[in-house]
1. Please state which one of 5, 58 is modelled with pLDDT of 95 or more and part of a helix (DSSP H, G or I).
2. Does residue 85 count as out of contact with any helix residue (DSSP H, G or I) (no Cβ under 9 Å at 6 or more places or on another chain) and modelled with pLDDT under 95?
3. Of these, 77, 66, 46, which one is surrounded by 10 or more Cβ atoms within 10 Å (Cβ to Cβ) and touching a helix residue (DSSP H, G or I) at 6+ places or on another chain (Cβ under 7 Å)?
């Protein structure tokens with residue numbers, strides 16, 4: 001009779017260990033999924049910020065912004081005869 005009780009206890013322990021392992025894996029999976037969602041949200045936020053910065057750079061580089069700043073600094077817009085193209089060194093173009 002004691003032999004049967006040992007088997008029941010062994011199976012109960014095996015069941016509990018298996019259940020604990022499954023629970024631990026599920027908890028880890030939920031945690032990883034939450035971190036992944038947080039990282040995706042952060043990436044989307046950073047991509048939006050990057051797009052805004054690129055837009056601001058394009059606006060700052062535009063003639064609409066640069067020409068008035070140059071005039072305020074006493075510069076003038078060069079005529080075609082004042083523009084000289086210098087080839088890059090080492091270029092065979």
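The values are calculated or read from the model by the stated rules, or taken from the named source; none is laboratory data. Please read these numbers as outputs of a predicted model, since none were measured by experiment. Here Cβ is always computed from backbone atoms with ideal geometry, including for glycine, and neighbour counts include all displayed protein chains.
1. Values: 5 fails: modelled with pLDDT of 95 or more.
Only one candidate qualifies: 58.
2. Values: out of contact with any helix residue (DSSP H, G or I) (no Cβ under 9 Å at 6 or more places or on another chain): yes; modelled with pLDDT under 95: yes.
Yes, satisfied.
3. Details: 66 fails: touching a helix residue (DSSP H, G or I) at 6+ places or on another chain (Cβ under 7 Å); 46 fails: touching a helix residue (DSSP H, G or I) at 6+ places or on another chain (Cβ under 7 Å).
Step by step, each of 77, 66, 46 is checked, and only 77 is surrounded by 10 or more Cβ atoms within 10 Å (Cβ to Cβ) and touching a helix residue (DSSP H, G or I) at 6+ places or on another chain (Cβ under 7 Å).
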